[in-house]
Amino acid sequence: MLLVAAMLVMLVWLAGLYEAAQVQGRLERDAEQAVGDVRAAFTRNVQSLQALQYSDPTPNSWAIDAATMLREHRELVRLEWRDSAMHVQSHADTPFRPPVFDRMGRDNTQSDVTQACATARRFSGPAYASSYFVPLMDGLGVEVMELCLPLQRGGKLTGFVVATYALQDVLDVLVGQQMTRNYEISFTEGDGTRLALRGSARRGSRVFTAHQLMDLPGTTLVLRMDSWRGAPDLFPNVLTALVTVMSITLVSVLAVLGKDMRRRLKAEHDLADALAFRKAMEDSLVTGLRARDLHGHITYVNPAFCQMVGFTEEELLGHSIPAPYWPPESIDEYQQRQAIRLAGNVPPREGFESVFMRKDGSRFPVLIIEAPLINAQGVQSGWMSAFLDISEQRRVEELSRTSQERLQATARLATVGEMASLLSHELNQPLAAISSYATGSINLLADGPNAAQEFGSELTQAMQRIAEQAERAGKVIKSVHDFVRRRDQVRDAVAPQVLLDAILPLIHLQARKLLVRVQIEVEPGVPCVLCDRTMVEQVLLNLARNAMQAMDQPHILERVLLMRVRRVKAGGHSQWVEFSVADIGEGIAPEVQLQLFNPFFTTKAEGMGLGLSLCRTVVEQHGGALVFEPNVPQGTVFIFTLPAGAVA
Ligand code: ADP
């Protein structure tokens, strides 16, 4: 930029210099031409003066001719014919001025005339004397120059013609109009004094000057020409302006180029980054990548692909079909597939599976996902394929399939175990009831042979209860079986009171043993519940039994078991029936609360820890929820909900 700026300044400066030189040159030429003009005119005048003598004039006729000549030549102010002794024979003055020598007297200028004529005589030709100033009558003056022309006849000097030039008029008349318009032209002396001046040059800060010597026989005149130039412009002429404009354009182009270069550099940098990023990505991929042109030649493979098939990049690039990694036995099939692909059919987006062969001959399954390769012009130039080695996946699938089978077998075993434990839990109660009814009956019968008649009705009732409980045990077994097999249970609409009535005999049996007063509160108009009857009865039984066991403490004297049923409204139109079983026992310790519903968690010596977990499962299978909260003032309330059916 600095160089260009320096060049620009230098160009402007040089252009300025060049133009100045041009102007100076033209001025010099013009000055030369002006001098030439004047000289030629002087020569012509000499001839005209000689012509005055050709016709052997008398002084009078000469004066007439001279006056004529003076009218034609403004630059001449006076003509004299002198004899060889320098006496004036005849003379004529210019009609354009008052007689020049009137004020000064012609005699006072005699020396100049004499000097000119002496020179003329010496040269035998026209000669000039140095110019001199002649004051005029009007107070001004005029610079004049004498020309003396010797007259000879037969080689003998007969006289002289003296002509007086007014230098001012020489400039006015003999120098071309054109020049006097453009320049200030003057005759000067050696020291620069102006003798005559023509032209009105404007003064400026830069004046070009040309001096031209005009050698005349006997004297030398100096013609000076001044050309005015205004204050130097910034762009002195078209050339400079052109150079400047070009320089500015050059600078602009440089700036634009610089900007473009920076943009390109940045783009290159970005591209290199993107390439490096792409390379790193390709190298780090575990997915094999391969590109093929439309004729099936491999144009690109990534390291993962090479690793997968065991061939090097060089071995693969440019290779056409059949590819070296195709198992020989599948070549036909693959070739058909290729033909379909090359015909332009788009493969499935989710990919397809195939088998490839490694360099060592081993086969492995691959998942191939293919997509058309579209180039920057939007034209398909080939196919891009991604390969996943799925041998590991296959192995894992196989493993998981076998372990799944094993798991299912284990699950079946677990189901058997679960059923066994649930059965043993749930059958406890009916069996205990049966055993106590049987013990009671035996006790009655032990009273004597008549006992059968005496306690007939009691025995019958006991037998009935035994039968009921046995039947119940049967139902429990079926229910538990269904429950464990997760079959769709039959849902009946059952009135809550009916559910309670079914289990009350068993509850009373235990309540009597534990000295618990059982209190039942059923809200009037409570709707039926949709449920698996036996299982819900088991839930109620379990909760009631837990409650009674919780109150089985020596210090608890007033033992009340409160079972309530009421209707609750949930969001929307669904109706729910809420069952609650409250005791006034010790309550549940926080650490126990956390694991309450865990299967096999129990705090009792003979407990199995399955009751609550089973209750919760049953209630949740019905769509309800089982929760517990502290009872006021003491004890615990277990609450569960069941969906309501029709009004009971
Ligand atoms: P199990 O009755 O066989 O022990 P559960 O699952 O029915 O098994 O009960 C688990 C534990 O929960 C009981 O051992 C007991 O500690 C506690 N529990 C259950 N109900 C109550 C209750 N109403 N009051 C206090 N603790 C209770």
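The values are calculated or read from the model by the stated rules, or taken from the named source; none is laboratory data. Owing to the predicted nature of the structure, the values given are computational and were not obtained by experimental measurement. Here the Cβ positions follow ideal geometry from the backbone for every residue, glycine too, while neighbour counts run over all protein chains shown. The area values use the complete protein model at the heavy-atom level, side chains included, leaving out ligands, DNA and RNA. Shrake-Rupley method; radii C 1.70, N 1.55, O 1.52, S 1.80 Å.
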message: Checking Leu614 against (1) of a type outside the set (S, T, N, Q); (2) more than 11 Å from the ligand (Cβ to nearest atom); (3) at pLDDT below 90; (4) crowded, with 19+ Cβ neighbours inside 10 Å, only one condition comes out false. Which one?
response: (2)
- request: Find the residue count for the stretch 356-402, including only residues that are farther than 20 Å from Gly288 by Cβ and either open to solvent by 50 Å² or more (accessible area, probe 1.4 Å) or among the aliphatic types (A, V, I, L, M) (or both).
  value: 12
task: Find all pairs meeting these conditions: Cβ atoms under 9 angstrom apart; at least six residues apart or on different chains; first residue within the stretch 174-185 and touching a residue at least 12 places away in the same chain (Cβ under 8 Å) and crowded, with 17+ Cβ neighbours inside 10 Å; second residue β-branched (Val, Ile, Thr) and not in a loop (DSSP other than H, G, I, E, B).
output: Leu174/Val38; Val175/Val38; Val175/Ile185; Met179/Ile185; Glu184/Val207
Within the stretch 483-562, strands (runs of 3 or more DSSP E) holding 2 or more residues that are within 16 Å of the ligand (Cβ to nearest atom) and over 60 Å from the mean Cα position of the chain (by Cα): 517-522
field: Residues that are touching a Leu at 6+ places or on another chain (Cβ under 7 Å), over 15 Å from Val142 (Cα atoms) and either among the basic types (Lys, Arg) or in a loop (DSSP other than H, G, I, E, B) (or both), drawn from the stretch 77-111
entry: Ser84, Pro95
- prompt: Can you name the residue in the stretch 586-598 that is part of a loop (DSSP other than H, G, I, E, B) and within 8 Å of the ligand (Cβ to nearest atom) and is also farthest from the chain's Cα centre (by Cα) among such residues?
  reply: Glu586
- prompt: Considering the stretch 569-585 alone, what residues qualify as being modelled with pLDDT under 90 and either part of a loop (DSSP other than H, G, I, E, B) or exposed (fewer than 14 other Cβ atoms within 10 Å of the Cβ) (or both)?
  reply: Lys569, Ala570, Gly571, Gly572, His573, Ser574
task: Kindly establish whether Thr114 is surrounded by fewer than 24 Cβ atoms within 10 Å (Cβ to Cβ), more than 23 Å from Pro95 (Cβ to Cβ), of a type in the set (S, T, N, Q) and in contact with a strand residue (DSSP E or B) (Cβ under 7 Å, 6 or more places away or on another chain).
output: no
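Here is a check on your reading of the model: is Phe133 aromatic (Phe, Trp, Tyr), in a strand (DSSP E or B) and more than 60 Å from the chain's Cα centre (by Cα)?
yes
Take the conditions of a type outside the set (Phe, Trp, Tyr), part of a helix (DSSP H, G or I), loosely packed, with under 12 Cβ neighbours inside 10 Å and touching a residue at least 12 places away in the same chain (Cβ under 8 Å) and apply them to Asp283. Does it pass?
Numbers: of a type outside the set (Phe, Trp, Tyr): yes; part of a helix (DSSP H, G or I): yes; loosely packed, with under 12 Cβ neighbours inside 10 Å: yes; touching a residue at least 12 places away in the same chain (Cβ under 8 Å): yes.
Against the criterion (of a type outside the set (Phe, Trp, Tyr), part of a helix (DSSP H, G or I), loosely packed, with under 12 Cβ neighbours inside 10 Å and touching a residue at least 12 places away in the same chain (Cβ under 8 Å)), Asp283 qualifies.
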task: Could you check, for the stretch 625-636, whether at least one of its residues is at pLDDT below 90, β-branched (Val, Ile, Thr), open to solvent by 50 Å² or more (accessible area, probe 1.4 Å) and away from the ligand (no atom under 12 Å from the Cβ)?
output: yes
field: Neighbours by Cβ (under 7 Å, 6+ apart or cross-chain): first from the stretch 611-623, without any contact (Cβ under 8 Å) to a residue 24 or more places away in the chain and within 18 Å of Phe601 (Cβ to Cβ); second within 13 Å of the ligand (Cβ to nearest atom) and open to solvent by 20 Å² or more (accessible area, probe 1.4 Å)
entry: Ser613/Phe597; Ser613/Asn598; Ser613/Pro599; Arg616/Phe597
